[in-house]
Amino acid sequence: MASVWLASSLWIGLALVASVLSIWVSVSVALVEIVVGAVAGNLVGLPIAPWVNFLAGFGAILLTFLAGAEIDPTVIRKHFWSSMSIGVVSFFAPFLGVLFLARYAAGWPWPQAEIAGISLSTTSVAVVYAVMVETGFNRTDLGKIILAACFVTDLGTVLALGLLFANYNVWLATFVGVTAVALFLIPRFAPQIFAALGERVSEPQTKFVALVLLFLGGLASVAGSEAVLPAYLVGIALAPTFAKDRELPHRLRIVAFSILTPFYFLKAGSLVDAKSVVAGGALILFFLAIKIVTKFAGILPVTRLFKFKPRDGMYTTLLMSTGLTFGSISALYGLTNGIIDQQQYTILVTAVILSAVVPTMIAQRWFLPTDKPAEASSGQPAFDANTSVGSATAPGR
């Protein structure tokens, strides 16, 4: 038992170090946690016990849920075509680019090339949402458009993984059916349930949300899908309810960012093996370059088409070039099912993690838009639905 507490103190200590460093260098704590995890994993080794996997997985689920809950229906209706277009192009451009690179340049067989294309087609909801919350973009039109586009991109990733590799059985049908029923019922009855439970010290509202997420996530895992997918959909279903009660998502964010998500980001960094990175460095950089170049070739012209300001278009393109959650999940799926080997897995995961760090750091350093998000007179975050896309930006640091 003592070793469990010592191991947990190591993880929390690294999370504290990452928090302090992120304040010092003015970079998103999610990115710093990934880097700290990679350094610690290679220098001292991080013990990844079952309880660490659970906390990291639950952190990814809760973070994905909160990202979905930030998607405002009014903004989506207003900017439907821009969000949809950016999301669709964001998936197909890197998927096809990496697919053909892996097949014809690297010589990987088609199934392995498909895993590579899927893994590097993603946009990281976890990283983007973490950055949005820290900078205040989650309260703006631009931030909500980016989050909606993230959903479209990652939905394409999940569908591609399912269509190409899923087992079509009774469990998959059960998962789809139960999720559909839950998504129909939750927005209709959750407000009454939350009102009946009330805001109490025991946090029954938070426990209700956790119950729904864990149950649907469990069904997804049994069906061969991923637990983060229903979490995103449930978040979108509850978005109108959360828009009326900002205190509940605020409490959920405290739980997620203080305890759970550090395990997820630190674990993601610890998966990078320095020796394998050196051995496959050229291919890693090649995959990373193809992902970013194809994202830019696809997304940046779309932002121009929808009249984004140049700075906002670059910021959007860079954030949409990130990858982490679904990318690492797709690569791990390929490894677990014997589609790719350990060396290929390391190459893909390292490229995915680098795509979480490099574009985000560039976006935060050089392409943050200049206006601050609107603040409601009550002191609660707000956004102006009539504000142009180009006006949404981060608060001053």
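Taking the criterion of being more than 21 Å from Ile34 (Cα to Cα), touching a Leu at 6+ places or on another chain (Cβ under 8 Å) and β-branched (Val, Ile, Thr), the residues of segment 274-316 that qualify are Ile290, Thr294, Thr316. Within segment 297-333, restricting attention to residues that are of a type outside the set (Gly, Ala, Ser) and not in a helix (DSSP H, G or I), which residue is surrounded by the most Cβ atoms within 10 Å (Cβ to Cβ)? Ranking the qualifying residues of segment 297-333, first place goes to Thr322.
Conditions tested, residue by residue: (1) at pLDDT 85 or above; (2) open to solvent by 60 Å² or more (accessible area, probe 1.4 Å); (3) part of a helix (DSSP H, G or I); (4) touching a His at 6+ places or on another chain (Cβ under 8 Å).
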position	(1), (2), (3), (4)
Val20	yes, yes, yes, no
Val32	yes, no, yes, no
Thr64	no, no, yes, no
Ile76	no, no, yes, no
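Pairing residues of segment 185-210 that are touching a residue at least 60 places away in the same chain (Cβ under 8 Å) with residues that are open to solvent by 80 Å² or more (accessible area, probe 1.4 Å) and in a helix (DSSP H, G or I), at Cβ distances under 9 Å and at least 6 apart in sequence or on separate chains, gives no pairs at all. May I ask you to list the residues in segment 256-277 that are under 17 Å from the mean Cα position of the chain (by Cα) and of a type in the set (D, E, K, R)? Correct list: Lys267 only.
When Thr346, Thr336, Thr294 are checked against the criterion of being surrounded by fewer than 24 Cβ atoms within 10 Å (Cβ to Cβ) and within 19 Å of Leu99 (Cβ to Cβ), Thr294 stands alone in meeting it.
On the stretch given as segment 37-53, residues that are within 19 Å of Ser3 (Cβ to Cβ) and open to solvent by 60 Å² or more (accessible area, probe 1.4 Å) total 5. Here is a check on your reading of the model: is Leu96 part of a helix (DSSP H, G or I) and in contact (Cβ under 8 Å) with a residue 60 or more places away in the chain? It is true that Leu96 is part of a helix (DSSP H, G or I) and in contact (Cβ under 8 Å) with a residue 60 or more places away in the chain. In the set Phe184, Phe208, Phe194, only one residue is more than 24 Å from Gly327 (Cα to Cα) and either open to solvent by less than 20 Å² (accessible area, probe 1.4 Å) or in contact with a Gly (Cβ under 7 Å, 6 or more places away or on another chain) (or both); that residue is Phe194. Pairing each residue of segment 217-228 that is part of a helix (DSSP H, G or I) with any residue that is buried (at least 18 other Cβ atoms within 10 Å of the Cβ) and small (Gly, Ala, Ser), provided the two are 6+ apart or on different chains, yields C-beta distances under 6 Å for Gly217/Ala227; Ala220/Ala227; Ser221/Ala227; Val228/Ala60. The condition of being in a helix (DSSP H, G or I), under 18 Å from Leu147 (Cα atoms) and modelled with pLDDT of 90 or more holds for only one of Trp11, Trp51, Trp81, that being Trp81. Candidates Gly143, Gly177, Gly136: the one that is touching a strand residue (DSSP E or B) at 6+ places or on another chain (Cβ under 8 Å) and more than 19 Å from Ala93 (Cβ to Cβ) is Gly136. Screening segment 232-282 for residues that are closer than 28 Å to Leu185 by Cα and of a type in the set (Asp, Glu) and picking the one that is modelled with the lowest pLDDT gives Asp245. Restricting segment 316-335 to residues that are touching a residue at least 60 places away in the same chain (Cβ under 8 Å) and under 17 Å from Pro369 (Cα atoms) leaves a set whose member that is farthest from the chain's Cα centre (by Cα) is Thr316. Filtered by the rule that a residue be of a type in the set (Gly, Ala, Ser) and surrounded by 17 or more Cβ atoms within 10 Å (Cβ to Cβ), segment 232-250 gives Gly235, Ala237, Ala239. The residue of segment 216-231 that is most open to solvent (accessible area, probe 1.4 Å), among those that are farther than 13 Å from Leu62 by Cα and not hydroxyl-bearing (Ser, Thr, Tyr), is Val222.
The values are calculated or read from the model by the stated rules, or taken from the named source; none is laboratory data. Small disclaimer: the values here were computed from a predicted structure and weren't measured. Counting neighbours? That spans all protein chains shown, and the Cβs are built from the backbone with ideal geometry, glycine included. The accessibility values were calculated without ligands, DNA or RNA, using every heavy atom of the protein model including side chains. Shrake-Rupley method; radii C 1.70, N 1.55, O 1.52, S 1.80 Å.
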